[in-house]
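This report concerns only the one structure given below.
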Amino acid sequence: EAGVAQSPRYKIIEKRQSVAFWCNPISGHATLYWYQQILGQGPKLLIQFQNNGVVDDSQLPKDRFSAERLKGVDSTLKIQPAKLEDSAVYLCASSLTLTNYNEQFFGPGTRLTVL
Amino acid sequence: AQSVTQLGSHVSVSEGALVLLRCNYSSSVPPYLFWYVQYPNQGLQLLLKYTTGATLVKGINGFEAEFKKSETSFHLTKPSAHMSDAAEYFCAVSVAGGGNKLTFGTGTQLKVEL
């Protein structure tokens, strides 16, 4: 079974530039998550999708971050414009459903450096 | 809201020694508790989870954890450390009806020395 795929693996941009990350979840997984992991901290949930609908985006800085999952499969996370404090690893995860303690499977992440 | 505290951001053990990584949680409702491992440049992998029932949970790679409600703890142990156990370990919590969302601790970097 293929795991969660993410691209690119690394990205370096200057502040105020835009960047986009792509995630392909495990086939058949209805729930998709984007996490932000700042160096020295645990992952923090940014947004959660169930199929192509947003379940929770309360921690997403909506003035600069956006995400979509138009066909209920792949997802894209965008930052526009980027700030220095956005430097982090962005992790995508998926699970079969959003029912209790359903295992989340994580991709390798995209490491973003904002200069 | 629930939270997790991991005591010790760095733990160092000798190969063959006991591994003990500490996790305390805070939750107003019964929690579900998880331990994940993250190897360099990789995503997180589930080691084990506690949902209900037996409080001693066994996971992959010889790890286990015990849920202690009276101490609000879920410490991770392994009797004998191996070099391949060197990684970062995260404790996480979720709750029933919470949409399967995880709240993570800040992580513990485990170093295994010869």
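Read-outs: derived from the displayed coordinates by stated rules, not from any lab. Note that this is a predicted model, so its numbers are computed, not measured. Quick reminder, even Gly has a Cβ in these numbers, built from the backbone with ideal geometry, and neighbours come from all protein chains shown.
Below 21 Å, Cα to Cα, which lysines can residue A:44 reach? Residues fewer than 8 away in the same chain don't count.
A:11, A:62, A:78, A:83, B:49, B:101
I need the peptides B:46-52, A:29-35 ranked by packing, meaning the mean over residues of other C-beta atoms within 10 angstrom, with the highest value on top.
By packing density, highest mean first, the sequence is A:29-35, B:46-52.
For peptide B:2-8, what's the mean number of Cβ atoms from other chains within 10 Å of each residue's Cβ?
Per residue, the number of nearby Cβ atoms from other chains is 0 on average.
Evaluate the distance, in nm, between pseudo-label points positioned 7 Å from the Cα of residue B:18 and of residue B:5 along their respective Cα→Cβ axes.
Result: 2.2 nm between the two label points.
Using the per-residue mean of other Cβ atoms lying within 10 Å as a proxy for protection, in what order, highest first, do the peptides A:63-74, B:53-64, B:74-85 fall?
Sorting A:63-74, B:53-64, B:74-85 by mean packing, highest first, produces B:74-85, A:63-74, B:53-64.
Starting from the Cα of residue B:28, step 7 Å toward the Cβ, then list every residue of the range B:60-88 with an amide N under 19 Å from that point.
The answer is B:72, whose backbone nitrogens lie closer than 19 Å to the label point.
At each listed q (0.13, 0.18, 0.23 Å⁻¹), what is the log10 of I(q)/I(0) that the Debye formula gives for the range A:1-98 modelled as equal alpha-carbon point scatterers?
-0.42, -0.81, -1.28
Let me understand the protein assembly as shown better: what is its radius of gyration from the alpha carbons, and its Dmax, in angstrom?
Cα-based Rg and Dmax for the protein assembly as shown come out at 17.6, 51 Å.
Whole number please: convex hull volume per residue, Cα atoms of the range B:53-114, in Å³.
Spelled out: Cα convex hull of the range B:53-114, divided by residues, is 117 Å³.
According to the Kirkwood expression over distinct Cα-Cα pairs, how big is the hydrodynamic radius of the range B:1-99, in Å?
13.9
Averaged across the residues of B:85-95, what count of C-beta atoms belonging to other chains lies within 10 Å of each residue's C-beta?
1
Let me know the mean shielding of A:32-43 by other chains, meaning the per-residue number of their Cβ atoms within 10 Å of its Cβ.
4
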